[in-house]
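K.L.:
One structure, as C-alpha cells, below. Some questions next.
The values are calculated or read from the model by the stated rules, or taken from the named source; none is laboratory data. Bear in mind the structure is a predicted one, so any value in this text is a computation, not a measurement. Quick reminder, even Gly has a Cβ in these numbers, built from the backbone with ideal geometry, and neighbours come from all protein chains shown.
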Amino acid sequence: MKRAQSIIAVLVAASLVAIPAAASAQTPPPATLESVEPAIDAIFARWMADNHVPGMVFGVVDHGHLVYVRGMGVQDTVSRRAVDADTLFRIASMTKAFTALSILSLRDKGLLNLDDPAEKYVPEMRGWGNATADSPRITIRDLLHHVAGFVTDDPWGDRQTTLPQDQFSRLLAAGVPFARAPEMRHEYANLGYAILGRVIANVTHAPYRAYVESTLLGPLGMTASGYDVHALPQDRRALGYRWENERWTEEPTMDDGAFNSMGGLSVSARDYGKWLAFLVSAWPPRDAADTGPVRRGTVRQIAQGLNFQSVFHRYGASGATACPGALAYGMGWRVVQDCELGLTLNHGGGYPGYGSHVLLLPEFGVALFALTNKSYAGPNAPVWDSAVLMLHQGLLKRPVPVISPDLAAFYASAREVWAKGSVAPLAGKVAVNFAMDRSDAQWGKVLAETRASAGPCATDAPINPDHAMSGTFTWTCAHGTIEGAVLLAPTRPITLQALRFGFVPAP
C-alpha cells in the first residue's frame, strides 16, 4: 500500500512540475514531455529501488521517434558500467512479437496459411493424435494465440532456451501431453512459440533467427540486436541477476537454442525504439505508400485477439480505480481495450536474469517500454503509470478524426431537417427502412415537440465521426442540449438509415 501511495504522490506532484508560482492564479502552461521527465524518472527510480533492480533502461516512442530514453543503474555489479541507450538486454517473451510478425509475413508471401495444421510444417507432430476424438488438430493460428491446449510453462520453458535443435526434435517426436483440447481457452505456453520458430525454420529452409534478422532486424536498422549473446559486444551487455539472500547473484548466460523464438532476443533501447516506431506507424489505415518490411495491414492484425476474453485491471497505481478493460491475446501481444487509453497492446518479458515490459498506444502513435537485468522483474507498473501520467498531462493526443464527404453532406442535411422541422430535405436520400421506421408525419410531430423543448439551438458544432459512415453531435440550446446521431446505410449511392435528435434538459 505504501508503494502505491508513493507512486500516486509522484503522479500528483507531476501536475505541478514546471508551473511558476507567479502563475498559480492563471491557467498553467501546457505540459511538455520535458516538464514531466522528472516525474517519470521518479516513478521508475522508486520501482527500481523497491524491487532491487541492478540496471534499467526505459523509453518513449512518439510518432516514429525515440523521444525519451533514460538509463539507470549498472550493466553489471562488478565493473559498475552504467546503463545507457546502447546497453543490450534480453527481452524474453517480448521476442514473441517478432516471431508472430515473421509468421504473418510468411503468410503474406503465400508460404503458409494460419489455419494450416502445424504438423504440415513440423513432421514430428504428426504422431501426436488428438486430445479427444472430436478435437481439432493444432493449427498455426492456435499456436499464435496460445490456444493449442498446452500447459502454462513459464518456469520450464525459460530454461529450454539452450535446448539444441536435435533434442527439440526428439522432444516433439515423443509427443506432448495436452492440458485440454485445443481451442477451448487461452493458456500461455512458451512451447507453442518454440514450435512456431521451427515452422519458420522449416518453411524458409534456414535457422529461425536468420529469417527474423533478414526480414525485421536488418530492414529496421536494428544492427545492435541479436539472438547469440556471445556474438554481441560484451562491454555493452547487461548481465542478468537475481536478488537472493539480500544480494545480487549472477544468472548463467543461456546460449541461443531451439526455444529462441519464444524469448531469446537481445536489444538495445535505441534499437527497440525502431521496432516500436515501425509497429505504431501501422495505425491508422491510410492510402500512403507502404514501405515497411511488413505491410501495415499485416502489422495491425497482431491486435486481433480470439474470443477467450478476460477482465483486465490496469497495472500500476491507477489499476484499483480505473475501469476494467477487456483482455484477449492477439498475435504475440496482450490486447486490452482501455476506457482512457483506447486500444492498447502490451507484453511482459520474464526470464532468468531479466524482466521487461512494453505498451503500445496505437491511437496516440506512442509506445513505452522498460528493460531490466533482474530475474522476472516485470516493470509493468511504472510503464503504465508513466502512460497514465502522460495522458492526464495532455501529452497523449489522438489525431483529429477525418470526416468523410458523405458524412459531412448528411450532417448538413440533418441541420436542414432541424431548421425546417421536417424531413423534406431528405427526399431521395434515405434508405428503404427510414420511412418504415417513422412516417414523415410522425417525424414532423417529434421534431416540433423536441424543438419546443430545446428552444433556440446553436447548430454550428462539428460532427464527431465514429467512422466514415456514422457520427454524433451535440448542440447547445436554450433549455439544454441536443444529442444527435447520423447513421448511413451500406448502399450505393449512400443513403441515410437513421437520424436522431435527443433532447437533454439542462440540470
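K.L.:
Spot the failing condition for L143; the list is (1) assigned to a loop (DSSP other than H, G, I, E, B); (2) surrounded by 14 or more Cβ atoms within 10 Å (Cβ to Cβ); (3) in contact with a Gly (Cβ under 8 Å, 6 or more places away or on another chain), and only one is missed.
P.N.:
Evaluating L143 over (1) assigned to a loop (DSSP other than H, G, I, E, B); (2) surrounded by 14 or more Cβ atoms within 10 Å (Cβ to Cβ); (3) in contact with a Gly (Cβ under 8 Å, 6 or more places away or on another chain) leaves (1) as the failure.
K.L.:
I've got another one for you. Select, from A148, A92, A100, A131, the only residue that is within 14 Å of G197 (Cα to Cα) and either surrounded by 19 or more Cβ atoms within 10 Å (Cβ to Cβ) or at pLDDT below 95 (or both). Walk me through how you get there before you give the answer.
P.N.:
Details: A148 fails: within 14 Å of G197 (Cα to Cα); A92 fails: within 14 Å of G197 (Cα to Cα); A131 fails: within 14 Å of G197 (Cα to Cα).
The match here is A100.
K.L.:
Now a separate question. Restricting attention to the range 207-247, which residues are of a type in the set (S, T, N, Q) and surrounded by fewer than 19 Cβ atoms within 10 Å (Cβ to Cβ)?
P.N.:
Selection gives S214, T223, Q234, N245.
K.L.:
If you don't mind, there's one more thing I want to ask. Tell me which residues, restricted to the range 259-291, are farther than 19 Å from M94 by Cβ and not hydroxyl-bearing (S, T, Y). Talk me through it step by step, then tell me what you get.
P.N.:
Taking the range 259-291 first, the residues farther than 19 Å from M94 by Cβ are 283-291.
Within the range 259-291, W283, P284, P285, R286, D287, A288, A289, D290 qualify.
K.L.:
If a residue must be at negative phi and free of Cβ contacts under 8 Å to residues at least 40 places away in the same chain, how many such residues does the range 392-422 contain? Steps first, please.
P.N.:
Step one: filter the range 392-422 for residues at negative phi, giving 392-393, 395-420, 422.
After this cut, where a residue has to be free of Cβ contacts under 8 Å to residues at least 40 places away in the same chain as well, the list is 397, 400, 405, 409, 412, 416, 420, 422.
Qualifying residue count, the range 392-422: 8.
K.L.:
Does any residue of the range 339-348 turn out to be in contact with a Lys or Arg (Cβ under 6 Å, 6 or more places away or on another chain) and assigned to a loop (DSSP other than H, G, I, E, B)?
P.N.:
Checking the range 339-348: not a single residue is in contact with a Lys or Arg (Cβ under 6 Å, 6 or more places away or on another chain) and assigned to a loop (DSSP other than H, G, I, E, B).
K.L.:
Let me ask you something else. Please go through (1) within 26 Å of Q393 (Cβ to Cβ); (2) within 24 Å of the chain's Cα centre (by Cα) for I103 and return the number of the only condition it doesn't satisfy.
P.N.:
Answer for I103: the failing condition is (1).
K.L.:
Assess whether L114 counts as being modelled with pLDDT of 95 or more and either exposed (fewer than 14 other Cβ atoms within 10 Å of the Cβ) or assigned to a helix (DSSP H, G or I) (or both).
P.N.:
Details: modelled with pLDDT of 95 or more: yes; either exposed (fewer than 14 other Cβ atoms within 10 Å of the Cβ) or assigned to a helix (DSSP H, G or I) (or both): no.
No; evaluated as a whole, the condition is false for this residue.
K.L.:
Scan G484, G480 and give me the residue that is in contact (Cβ under 8 Å) with a residue 60 or more places away in the chain and either buried (at least 17 other Cβ atoms within 10 Å of the Cβ) or under 30 Å from A367 (Cβ atoms) (or both). Step through it out loud before you land on a result.
P.N.:
Working: G480 fails: in contact (Cβ under 8 Å) with a residue 60 or more places away in the chain.
Exactly one residue qualifies, and that residue is G484.
K.L.:
Here's a follow-up. Quick one: which residue in P362, P462, P352, P399 is assigned by TED's automatic domain parsing to the domain that holds P30 and either more than 30 Å from E244 (Cα to Cα) or among the β-branched types (V, I, T) (or both)?
P.N.:
Working: P462 fails: assigned by TED's automatic domain parsing to the domain that holds P30; P352 fails: either more than 30 Å from E244 (Cα to Cα) or among the β-branched types (V, I, T) (or both); P399 fails: assigned by TED's automatic domain parsing to the domain that holds P30.
Of the residues listed, the single one that is assigned by TED's automatic domain parsing to the domain that holds P30 and either more than 30 Å from E244 (Cα to Cα) or among the β-branched types (V, I, T) (or both) is P362.
K.L.:
Okay, moving on. Pull out all pairs, ordered by first then second residue, where Cβ-Cβ is under 9 Å, the residues are six or more apart or on different chains, the first lies in the range 348-373 and is among the charged types (D, E, K, R), and the second is part of a loop (DSSP other than H, G, I, E, B).
P.N.:
Cβ pairs passing all conditions: E363/W283; E363/P284; E363/L341; E363/L396; E363/R398; E363/P399.
K.L.:
Considering only the range 233-249, I want to know if a residue exists there that is at pLDDT 95 or above, outside the structural domain of F369 (by TED's automatic domain parsing) and among the β-branched types (V, I, T).
P.N.:
Yes, the range 233-249 contains at least one residue that is at pLDDT 95 or above, outside the structural domain of F369 (by TED's automatic domain parsing) and among the β-branched types (V, I, T).
K.L.:
Let me ask another. Could you count how many residues in the range 330-372 are farther than 25 Å from K274 by Cβ and more than 10 Å from the chain's Cα centre (by Cα)? Give the derivation first.
P.N.:
Restricting attention to the range 330-372, the residues satisfying the condition of being farther than 25 Å from K274 by Cβ are 337-340, 352.
Going one step further and asking which of them are more than 10 Å from the chain's Cα centre (by Cα), we end up with 338-340, 352.
The qualifying residues number 4.
K.L.:
Could I ask something else about it? Take residues that are aliphatic (A, V, I, L, M) and touching a Gly at 6+ places or on another chain (Cβ under 8 Å) and tell me which of the strands (runs of 3 or more DSSP E) falling wholly in the range 403-500 contain 2 or more. Quick ask: steps written out before the conclusion?
P.N.:
Values: elements: 464-467, 470-477, 480-489.
Where strands (runs of 3 or more DSSP E) fall fully within the range 403-500 and carry at least 2 residues being aliphatic (A, V, I, L, M) and touching a Gly at 6+ places or on another chain (Cβ under 8 Å), they are 480-489.
K.L.:
Is it true that Q167 is over 24 Å from the mean Cα position of the chain (by Cα), not assigned by TED's automatic domain parsing to the domain that holds G292 and not in a loop (DSSP other than H, G, I, E, B)? Before the answer, list the steps.
P.N.:
Values: over 24 Å from the mean Cα position of the chain (by Cα): yes; not assigned by TED's automatic domain parsing to the domain that holds G292: yes; not in a loop (DSSP other than H, G, I, E, B): yes.
So Q167 passes the test.
K.L.:
When you go through A206, A201 one by one, which is the residue that is more than 19 Å from I138 (Cα to Cα) and of a type in the set (A, V, I, L, M, F, W, C)?
P.N.:
Details: A201 fails: more than 19 Å from I138 (Cα to Cα).
That would be A206, the only listed residue that is more than 19 Å from I138 (Cα to Cα) and of a type in the set (A, V, I, L, M, F, W, C).
K.L.:
Can you name the number of the only condition in (1) under 26 Å from V335 (Cβ atoms); (2) surrounded by fewer than 23 Cβ atoms within 10 Å (Cβ to Cβ); (3) without any contact (Cβ under 8 Å) to a residue 60 or more places away in the chain that D108 fails?
P.N.:
Against the list (1) under 26 Å from V335 (Cβ atoms); (2) surrounded by fewer than 23 Cβ atoms within 10 Å (Cβ to Cβ); (3) without any contact (Cβ under 8 Å) to a residue 60 or more places away in the chain, D108 comes up short only on (3).
K.L.:
Among the residues of the range 36-81 satisfying the criterion of being closer than 21 Å to N245 by Cα and without any contact (Cβ under 8 Å) to a residue 12 or more places away in the chain, which is surrounded by the fewest Cβ atoms within 10 Å (Cβ to Cβ)?
P.N.:
V78
K.L.:
Return the total of residues in the range 456-474 being without any contact (Cβ under 8 Å) to a residue 40 or more places away in the chain, closer than 25 Å to S439 by Cβ and over 32 Å from the mean Cα position of the chain (by Cα).
P.N.:
Adding up the residues that qualify gives 1.
K.L.:
Determine if the range 350-370 includes at least one residue that is surrounded by fewer than 21 Cβ atoms within 10 Å (Cβ to Cβ) and of a type in the set (A, V, I, L, M, F, W, C).
P.N.:
Within the range 350-370, none of the residues are surrounded by fewer than 21 Cβ atoms within 10 Å (Cβ to Cβ) and of a type in the set (A, V, I, L, M, F, W, C).
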